[in-house]
1. Which numbered condition in (1) at pLDDT 95 or above; (2) over 20 Å from residue 64 (Cβ atoms) is the only one that residue 182 fails?
2. Please enumerate the residues belonging to region 73-114 that are in a loop (DSSP other than H, G, I, E, B), closer than 28 Å to residue 153 by Cα and over 14 Å from the mean Cα position of the chain (by Cα).
3. Quick one: in region 142-161, of everything that is at pLDDT 95 or above and small (Gly, Ala, Ser), which residue is nearest to residue 111 (Cα to Cα)?
4. Name, by its number, the condition in (1) without any contact (Cβ under 8 Å) to a residue 60 or more places away in the chain; (2) part of a helix (DSSP H, G or I); (3) crowded, with 18+ Cβ neighbours inside 10 Å that does not hold for residue 12.
5. Given the structure, is residue 29 under 15 Å from the mean Cα position of the chain (by Cα) and either of a type in the set (Asp, Glu) or surrounded by 16 or more Cβ atoms within 10 Å (Cβ to Cβ) (or both)?
6. Report whether or not residue 17 is over 14 Å from the mean Cα position of the chain (by Cα) and of a type in the set (A, V, I, L, M).
7. Checking residue 52 against (1) assigned to a loop (DSSP other than H, G, I, E, B); (2) more than 18 Å from residue 64 (Cβ to Cβ); (3) touching a residue at least 12 places away in the same chain (Cβ under 8 Å), only one condition comes out false. Which one?
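The values are calculated or read from the model by the stated rules, or taken from the named source; none is laboratory data. What you are looking at is a predicted structure, and each value in this text was computed from that prediction instead of being measured. Neighbour counts run over all protein chains shown; Cβ positions are idealised from the backbone, glycine included.
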Amino acid sequence: MMDAETVLSGYFAVEALEVVVTHGRVVADLSLAIGRCLALPDADLCFIEEAAMLHDIGICRVEAAEIGLHGMHPYIMHGILGREILEAEGLPRHALVCERHIGVGLTVSDIVSQRLPLPQRDMIPHTLPEEIICFADLFFSKKPGRLERRKPVGKVRAKLAGFGSDKIQIFDSWLGRFGAAL
């Protein structure tokens, strides 16, 4: 098993590292609980844990002053930046989790209509591990003081509602499949 914290420590100073590791751990714990409820094999659980720990590695290159990050890119780019980093680290499957975990996934239509500074391609979860991690991530913030506090379902739904009813439908589908672990 790869040591995700060692990988992360190569990209973050201490303050931001603590935030990213704590956030990754709570997302990993919920993702693993979901995976166990679904009786996934150990190999899948191992991948889920690693990928959940690494899913936000791209924030090392964005501007997020509240957690001590002063990169050159807007926060919305952290998924594609994470993909670049993990591909360079030789972790292509983990890299796809980075790119595909934003919200419930981003479509070309989302990118164009919101004028996001992202490549015009679908960045939506394709695999069960990607869906699980994406779902689990919705419940946790990277705001210091709130890192381990799970958001209630209603709050997650309300935030997604601002991006369209299709996003709520995806979330509700995942809630039906994964919600027993909440």
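1. Unmet condition: (1).
2. Passing the criteria: 74, 107, 114.
3. Here the answer is 161.
4. Condition not satisfied by residue 12: (2).
5. In short, yes.
6. Here the answer is yes, as residue 17 does meet what is asked.
7. Failed condition: (1).
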